[in-house]
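J.: Starting off with a structure, shown below.
The values are calculated or read from the model by the stated rules, or taken from the named source; none is laboratory data. Everything quoted here is computed from the prediction, not taken from an experiment. For neighbour counting, all protein chains shown are included, and Cβ atoms are generated from backbone atoms with ideal geometry for every residue, glycine included.
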Amino acid sequence: MTGAALILSLGLACEGEEREDDDELGGDLEEIMERRGLTEVDILAAAKTYTPSGKLDEYVLLASGGHSGHVLVIGVPSMRILKYVGVFSPEPFQGYGMGGLGDAILYGEGKQRGRTLTWGDIHHPNLSETNGDYDGEFMFVNDKANSRIAVIDLEDFMTKQIVTNPLLASSHGGAIVTPNTDYVLEVSQYATPLGGDYAPLSEFQTRYRGAATFWKFDRAKGRIDPARSFSVELPPYAQDISDAGKFASDGYVFVNSWDTEMAAGKLGEGQPVLESGASQNDMDYLHVINFKKAESLVAEGKAIEINGMRVLPLDVAAKEHVLVFIPEPKSPHGCDVTPDGTGIVVAGKLDTHASVFEFSKIKDLIERGEFASTDPYGVSVLDFQKALRGQVEIGLGPLHTTFDNTGHAYTSVFLDSTVVRWNYTKLDEPIQTIQVQYNIGHLIAAEGDSAHPQGQWLMAMNKMSQDRYVSTGPLLPQNFQLIDISGPTMQLVADLPIGLGEPHFAMLIKADKLKTLDFYKPPGINPYTGLRAEGAVAPGQERVERNGKKVDVYMTVIRSHFTPSTIEVDEGDEVTLHITSVEQSRDQTHGFAIDMYNLSLSLEPGRYEQATFIADTPGVFPFYCTEFCSALHLEMAGYLFVRPKGG
Ligand code: CUK
Ligand code: CUA
């Protein structure tokens, strides 16, 4: 078959269009395929994902950047990287945490127990939802290492808030949203005494605790309101991933745990190490939390206060059945509510099954008061079989589950390095298994954890890439792999190495749901408030004001100059730059950098930035624009003169 015939057979040529000669196409397809060792399946995969220059992606992947502290924005199906969003780490391109207004978030709000942090460990991005569907307005991410939650505004893909958990020293089961984004959930991982207290390991069972924090989200303000947030105290069971109910199960959240053995409490006693100690029991506990009930009990004054956070005590949560347990197979990891809200899929790292719990059964058992036992903290435990819809044999090391629009669940299998497609209602034999490279963690299908998954695409987020890429030394990238799930047979169609560590979960949203700003208007908007800044100026109003040792510089930027372009101060002066981009056209971004002051500001069209520093070193300091903004970009520069004392 000739190359052109192959193109026709693949349905690539448009009807009525003249076929060009191979030569005009710049080569013979068949010859290229042979030379590069490509099969027809490869060509089909390329045709499904190749996105010609100028064509836009249909979906956007918002992926955790793990301990890089960033979020990755990736086009799907092209797998083109669109942006890195600075969240818990400084990001010089966005001018975040680099001397400008973003410092107040990263180094101000972001302080945990008074400490400045320059990184975080992002695990679970979640999108804001309206009636269980992504609305494209906000994203929330958690920091496992320092128990924080960040709010990212999807109008401009910028971090707008960080809240720090005043109870926990590590958190994992977040940032999960409830179906109308009333709350953003953050759940502990490693148990510690709540609020940062000291207690020796011998007091593990009595003093160490977990907690589920329900951060109240104020949609109108686009911010979390800590004063209206609350927590539920949990036993020290090493809580893990969580998910929120929807429809019938709205008002509940579900949280895994993997150390009901409380093996962590025996770490100092020559007992088994944590990984074997925490795997002794056949069952751990799925936590069922009725947060609507918790909310009313807190409103009735049943909470205690720890570090300013209202906490519903464990004994109250147990007695009122705010917290109920269901046994779940050995060392579970994934916890995913089905799109219709009727089932909760749990997969255990050391169990070959996916277990599906039936919410209506859980609710009936709790309402009837039909419990199988009570745990040492007085929490009622349901009977495993009575709460179960059923189980499906998935493979070795099943982890996370996502969903499509045709009743399929897709579970990642870490040890087998597979994605398994199965039916979460019928629970019959798995339908298809596809190999991925290698050791998959999370996976996400298009809008797969919303009430209305789209099907079509699934991203496998693999922990290891081993032989997939040209070696870059001992530290290898992780491997994102795009799988076409639109047909009866899943097909792996594209790879993307991720050279930032280490992505966990992601969201995959229809691109047309995102309503981003073209630029800030009118000029002078502080992106962190959305309002015109007090220090913003229009052309003609630029000036330098001196007040004793304080110098305020009101500056504008527009192609291709800073006004003023020379600034004279005395050694020891406190200088505040108020910079307004007066550009009002798309993509006309400037930057501001200055020698020695660790300052990098991004000045998108209409953006206002502000930076304060002490001019403590005399000398001449060039400042310049960091974006190649016009033919005269190099000329977009100026000088700061710092006159020596007594000079
Ligand atoms: S965890 Cu990373 S693969 Cu933090 Cu959601 Cu499972
Ligand atoms: Cu402005 Cu370069």
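J.: Can you go through Gly606, Gly535 and tell me which one is of a type in the set (Gly, Ala, Ser), at positive phi and surrounded by 14 or more Cβ atoms within 10 Å (Cβ to Cβ)?
T.: Working: Gly535 fails: at positive phi.
Just a single option satisfies the conditions, and that option is Gly606.
J.: To continue, here is another question. For region 504-522, does any single residue satisfy the condition of being away from ligand 2 (no atom under 16 Å from the Cβ), over 30 Å from Glu58 (Cβ atoms) and buried (at least 19 other Cβ atoms within 10 Å of the Cβ)?
T.: Checking region 504-522: not a single residue is away from ligand 2 (no atom under 16 Å from the Cβ), over 30 Å from Glu58 (Cβ atoms) and buried (at least 19 other Cβ atoms within 10 Å of the Cβ).
J.: Let me ask you something else. Could you tell me which residue of region 140-186 is farthest from Ala212 (Cα to Cα), considering only residues that are surrounded by 24 or more Cβ atoms within 10 Å (Cβ to Cβ) and acidic (Asp, Glu)?
T.: Asp143
J.: Need a quick list: strands (runs of 3 or more DSSP E) entirely within region 68-187 having at least 3 residues that are of a type in the set (Asp, Glu). Walk me through how you get there before you give the answer.
T.: Numbers: elements: 70-76, 81-86, 126-130, 133-143, 148-153, 158-164, 183-187.
Ranges flagged: 133-143.
To keep it simple, each residue is scored yes or no on (1) over 29 Å from Asn142 (Cα atoms); (2) outside the structural domain of Gly120 (by TED's automatic domain parsing).
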{"position": "Met464", "(1), (2)": "no, no"}
{"position": "Val470", "(1), (2)": "yes, no"}
{"position": "Pro477", "(1), (2)": "no, no"}
{"position": "Phe480", "(1), (2)": "no, no"}
{"position": "Ser486", "(1), (2)": "yes, no"}
{"position": "Pro497", "(1), (2)": "no, no"}
{"position": "Tyr520", "(1), (2)": "no, yes"}
{"position": "Val537", "(1), (2)": "yes, yes"}
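J.: I've got another one for you. If a residue has to be crowded, with 23+ Cβ neighbours inside 10 Å and not β-branched (Val, Ile, Thr) to count, how many in region 352-380 make the cut?
T.: Summing the residues that are crowded, with 23+ Cβ neighbours inside 10 Å and not β-branched (Val, Ile, Thr) in region 352-380 gives 4.
J.: How many residues are within 16 Å of ligand 2 (Cβ to nearest atom) and either assigned by TED's automatic domain parsing to the domain that holds Gly102 or within 16 Å of Ser565 (Cα to Cα) (or both) when one looks only at region 604-635?
T.: Within region 604-635, residues that are within 16 Å of ligand 2 (Cβ to nearest atom) and either assigned by TED's automatic domain parsing to the domain that holds Gly102 or within 16 Å of Ser565 (Cα to Cα) (or both) number 9.
J.: Let me ask you something else. So which residues in region 636-647 are more than 10 Å from His561 (Cα to Cα) and either near ligand 2 (Cβ under 9 Å from one of its atoms) or surrounded by 14 or more Cβ atoms within 10 Å (Cβ to Cβ) (or both), if there are any at all? Show your work before the answer.
T.: Taking region 636-647 first, the residues more than 10 Å from His561 (Cα to Cα) are 639-647.
Within region 636-647, Tyr639, Leu640, Phe641, Val642, Arg643 meet the criteria.
J.: Right, another one. Being crowded, with 20+ Cβ neighbours inside 10 Å and closer than 13 Å to Ile579 by Cβ is the filter here, so list the residues in region 609-622 that pass it. Working first, answer last.
T.: Of all residues in region 609-622, those crowded, with 20+ Cβ neighbours inside 10 Å come to 609-611, 615.
Listed by number, the residues that qualify are Glu609, Gln610, Ala611.
J.: Could you pull out every one of the strands (runs of 3 or more DSSP E) wholly within region 395-459 that has 3 or more residues that are under 15 Å from Val345 (Cβ atoms), more than 16 Å from ligand 2 (Cβ to nearest atom) and modelled with pLDDT of 95 or more? Please lay out each step first, then the result.
T.: Details: elements: 398-403, 408-413, 418-423, 432-435, 440-446.
The strands (runs of 3 or more DSSP E) meeting that bar are 398-403, 408-413, 418-423, 440-446.
J.: Inside region 583-637, counting only strands (runs of 3 or more DSSP E) that do not spill past its ends, which hold 3 or more residues that are under 24 Å from Asp518 (Cα atoms) and of a type outside the set (A, V, I, L, M, F, W, C)? Outline the logic, then answer.
T.: Numbers: elements: 590-594, 599-603, 608-614, 619-624.
In region 583-637, the matching strands (runs of 3 or more DSSP E) lie at 608-614.
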